[in-house]
Structures are given as C-alpha cells and as structure tokens.
C-alpha cells in the first residue's frame, strides 16, 4: 500500500491508502491504449471486472459447497437460499476490494454511506439474479444433462445432479447480467464522487 494525498484536500493533509498490485501497471497501460480520453474509466472497469472475478470464485465455490453440504438443491427454496448466502459473501469481498483498489480516491462519502449504497445496489442485483436463476435452473439442468447423456452413454443423472448443474450454469449467466448493473449503478451512485 502507498499513501496518496488527495488533490482536493484544502490543506493537502488529508490522505488515504491506495492498494497497489502487480497488475496496476499492466491495467493502466491497457486502459490508455483502449480508452484514450476515457482511460481512467476503462481502468476502473477492468479493476471492477477483476474484483468481480474474485467475487465470482467466492460466489460459485460457496454455492457448490452449500449445495453439497447444508442446502442440497432439492427444491427452489434451497437453490435460492444457497445462491443468496453465496451472493452476500461475494458482495462483502467485492465492497472491500472496490473501496481500496478500484475506487481508492472515493473518500468524500463515509464508508457507512458507501456500504449502504453498495448493499442497496447489490440487493437489487440479487433480486435480478434470483429471478433469473429461479426461472432457468431447471431448464438449464435438463438441457445440460441431456447433452451430457448424449456424450457419455452411461451417464444417468439424479435430479439433484441436474439441479446442481442447472444452478451453476444459471449462476454464470446471472453473474454476467448483474455485473453490468452493478458497475453502472455503483459507478454513478455509490462512487459518484470520483472524476
């Protein structure tokens, strides 16, 4: 971590911590090439995507663990509960990483305010995602197991296997859909204090 003085500090004494990673230089160079005049916004989006990828790993791993232990996907309630718990774990990780890495210069709002705004955006994203998953996991599970049965002759999935596979596939698409919502809403509301 390095300390940086905020440019808008009236007496140049206000500082914040900026997390630096080995990826920062590469991301900055790529952003300048792709974004030109909007390089900073492209850099934020790339960092947001990296943070989202970490959140996705936490999210999907949590769903898989929960479905194989405490919440087998026997019914829609268990599917949505496992999905929601995993989502909350990923959101916590995403908030921390976005606050210290993607938007380190966003400090004119308190952490409490930003966490509340981030949580509101995330809950809306969770509703969108849960609607998507509840409407598609069974069909995606049936389709994917049918494809697997055609490829592997002795494959005979049980309903739980079918639902696990369908949930995982629906989750992947749900994450992509909600990522766009989360970036736009958080950029222009939660982190609106950055240029």
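Read the figures in this text as sums done on the coordinates, not as results from a lab. As the structure is a prediction and not an experimental result, all values here were calculated from the model. Glycine gets a Cβ as well: all are built from the backbone with ideal geometry, and neighbour counts include every protein chain shown.
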Response to the item:
Dividing the mean separation of Cα pairs under 8 Å (6+ apart) by the residue count of region 16-190 yields a relative contact order in percent of 24 percent
Practice prompt. Taking 7 Å along the Cα-to-C-beta vector as the label spot, tell me the residue 148-residue 116 distance in nanometres, rounded to one decimal.
Written response: 4.5 nm
Item to complete: Kindly state, to the nearest 0.05, the FRET efficiency for residue 124 paired with residue 180, given R0 = 22 Å and r defined as their beta-carbon distance.
Response: 0.95
Worksheet entry | FRET efficiency for residue 195 and residue 50, using Cβ-Cβ distance with R0 set to 22 Å, rounded to 0.05 | 0.55
Discussion item. Given Cα positions, please report Rg to Rh for the chain, the hydrodynamic radius being the Kirkwood one.
Written reply: 1.08
Worksheet entry | Principal-axis tilt of helix 24-35 within the chain, Cα atoms, nearest 10 degrees | 90 degrees
Worksheet item: Roughly how many nanometres apart are two label points built 7 Å out from the Cα toward the Cβ at residue 172 and residue 36?
Response: 3.5 nm
Item to complete: Using just the helices of the chain, give the 222 nm mean residue ellipticity in deg cm²/dmol: DSSP H runs with n ≥ 4 each add -39,500 (n - 2.57), and the total is spread over all residues, rounded to 500.
Response: -24000 deg cm²/dmol
Fill in: Distribution of pairwise C-alpha distances over region 12-74, 10 Å bins, in %
19, 29, 25, 16, 10, 1
Discussion item. Can you compute the FRET efficiency between residue 158 and residue 134 using 1/(1 + (r/R0)^6), with r the Cβ-Cβ distance and R0 = 25 Å? Round to the nearest 0.05.
Written reply: 0.75
